[in-house]
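Below is one structure; the comments refer to it alone.
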Amino acid sequence: MVKPPAISARSVSFYYGEFQALRDINLEIAKDEITALIGPSGCGKSTFLKLLNRMNDFVPGARLSGEIIIGGVNVYGPQADPVEIRRKVGMVFQKPNPFPKSIYDNICYGPRLVGVKKKSALDEVVEKALKAAALWDDVKDKLNKSAFELSGGQQQRVCIARALALEPDILLMDEPTSALDPIATAKVEEWIKQSKLSIVIVTHNMQQAARISHGTAFFYMGELIEFAPTLTLFTSPKESRTENYITGRFG
Amino acid sequence: MLLGYSPKARKNREWLALLALKLVAYVALIILALMIFYIVFHGFKAINFDFLTKFPSDFMRKGGILPAILGTLYLAAGSMVVSLPLGFGAAIYLTDYAKPGPLVSIIRLGVANLAAVPSVVFGLFGLALFVVGFGFGRSLLSGCLTLGLLTLPTVTAAAEEALRQTPQSFREAALALGANRWQAIRQVVLPAALPGMLTGAILALGRAAGETAPIILTAAAAFSPALPDSLFNEVMSLPTHIFNMATNGAFIEQTRVRQFGTALVLMALVLGLSLVAIVIRAKLIRRRKW
Ligand SMILES: Nc1ncnc2c1ncn2[C@@H]1O[C@H](COP(=O)(O)OP(=O)(O)OP(=O)(O)O)[C@@H](O)[C@H]1O
Ligand SMILES: [Mg+2]
């Protein structure tokens, strides 16, 4: 039996004012798999990613057409609640962006928003999320220290844990390792590979896409050029533009 | 020597420039020190327990300045009650809610220009609007409202700057975790921006405590026999008390020492207020690492 997709984008076009950033994107993102978005700078990867949890709502003058279906519901439909969607669809950003609070309070931010108050419940959430992000052993003795006292890689894993604390179905990651050194990158990649979530990850690093993802989508100037299983896309791309990009002829 | 270039001459010029800069800095410091010394030297003779805790008597020649001290504290605190919510609110609106555009630019320009308006103009405005227009009379209330408006631009501009310096990524992170905009601001942005916002309040507080002209026009009593027990009472204040002793009455010379004593108290009060705020700010800043 084929699982229903985690996300389906149907004829999605997106505009920043007059500028069309995405053109008629149709894409089905598989459940419980890792999907990489690649493409040259400015091609619309981040724009597409932010559409999935409605983080583009805050951009003045932005406009969307088409549908994005998550869990059977159009997230831009009239009944959709953006706050609810952002809780189900977590996001990790390019630069680690922990809050200037303790590690503990960082992780608890989401659960507290939904009204979890009991200390014991929060403790449990924190431990679980930090373990899931493979950070528990590093920080279990300094949960009340500021998250800013951690290394960049640890900070990024705090951000992952913070997103995981809401137990999202889907995690969106926008170049999550581009600000990290190779060792920290390896740790984050390791985490991504063993997680059982549906993950959409934007990356500029082709090796990274090849290492960790099941499917890869190649964007170019606001269009989805090709979407295929990662191995297929990298070894026998159908489109010459894809081939040019992955062989480094432009981008 | 190439094209008249001489490393030695350049070194000398550099040294001279540095010396000039140092001198300017020291001159400023020396003037400040001299002023403080002058006021302390002339004023400390007036300072004693009675001076700080009694009412003035015998045409200001005897007694103390308690009502002026308290009046100044009331006025400064009251002006903050007016300007902090308005200023912080305006700053949050401008940075986080308003769509960038001509309207926002005009508001910002207006705020900047408001800061340059002489305080006596605020005084006249307060006189017309609060004292006469709203019928609050010359009172603590009118004074606080006037000083509140006077300090509003400083408070707003500093708060805006602090909010603007708070990374956009904090807001994004909170929103992505399911916060609404106000939650993101209140729980993440405001705590991060608060030290900077308080700096504006520090400056404003010092200014409010030292202002003279607006208070003369809207709130000041030359002498009041009792402490204010309502917002509609006139109040004495330190700067106006100095002004009155130094310009009115038959005993300008005899009260000279008390004038300096009052100035000393005012100075100590303003520096003290700043100190308290600076300590709070330092505490908050130590938590900040971005
Ligand atoms: N807030 C915005 N307002 C206007 N235009 C924008 C905005 N954000 C992005 N764009 C434009 O939309 C296009 C796509 O941007 P996007 O950030 O999605 O690219 P990207 O593929 O993520 O690039 P990068 O790899 O550099 O992160 C770019 O041309 C960009 O200039
Ligand atoms: Mg991007």
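A few notes on this one:
- Chain A: radius of gyration and largest Cα-Cα distance (Dmax), Å: 18.2, 57
- Counting only lysines at least 8 places from A:K145 when in the same chain, those with an alpha carbon closer than 22 Å to its own are A:K95, A:K101, A:K117, A:K118, A:K119, A:K128, A:K131, A:K187, B:K283, B:K289.
- Ignoring aspartates and glutamates fewer than eight residues from A:K50 along the same chain, the ones with Cα atoms less than 13 angstrom from its Cα are A:D174, A:E175, B:E172.
- By average C-beta atoms within 10 angstrom, highest first, the peptides B:63-72, A:230-239: B:63-72, A:230-239
- For the range A:1-92, the C-alpha radius of gyration divided by 2.2 N^0.38 Å, with N the number of residues, is 1.06.
- Calculated mean residue ellipticity at 222 nm for chain B: -23000 deg cm²/dmol, from DSSP H runs with n ≥ 4 weighted as -39500 (n - 2.57), summed, divided by the residue count and rounded to 500.
- Shielding of B:178-189 by partner chains, average beta-carbon count, 10 Å: 4
- For chain B, a Kirkwood radius taken over Cα pairs fed into Stokes-Einstein (10 °C, viscosity 1.306 mPa s) yields D = 73 µm²/s.
- Pair-distance profile P(r), taking every C-alpha pair of the range B:2-46, with 5 angstrom steps and integer %: 5, 19, 13, 12, 10, 9, 8, 7, 6, 5, 3, 2, 1, 0
- Radius of gyration, Dmax [the range B:190-290; alpha carbons; angstrom]: 17.6, 60
- Count Lys and Arg as plus one, Asp and Glu as minus one, and take only other residues whose Cβ is under 15 Å from that of B:T218; the net charge is then -1.
- Shielding by partners, peptide A:96-106 (average Cβ within 10 angstrom, other chains): 4
- Given in Å, the Rg to one decimal and the Dmax to the nearest whole number for the Cα atoms of the range B:162-247 are 21.2, 63.
- Base-10 log of normalised Debye intensity for the range B:56-206 (one unit scatterer per alpha-carbon) at q = 0.15, 0.17, 0.20, 0.21 Å⁻¹: -0.84, -0.99, -1.19, -1.25
- Ordering of B:112-119, A:163-170, B:138-145 by packing is B:138-145, A:163-170, B:112-119, highest average first (other Cβ atoms within 10 Å, averaged per residue).
- At least 15 Å along the helix axis (C-alpha) and Kyte average at least -1.0, DSSP helices within chain A: A:103-113, A:119-132, A:152-164, A:182-194
- Directionally averaged projected area (convex hull, Cα atoms, the protein assembly as shown), nm²: 38.4
- Using the Stokes-Einstein relation with a Kirkwood hydrodynamic radius computed over Cα pairs, the translational diffusion coefficient of the range B:73-115 at 25 °C and a viscosity of 0.890 mPa s comes to 213 µm²/s.
- Taking each DSSP H run with n ≥ 4 as -39500 (n - 2.57) and averaging over every residue of chain A yields -10000 deg cm²/dmol at 222 nm.
Bear in mind these aren't lab numbers, they're just calculated from the coordinates by the rules spelled out. This is a predicted model, so every value here is computed, not measured. So basically every Cβ, Gly included, is an ideal-geometry build from the backbone, and we count neighbours across all protein chains shown.
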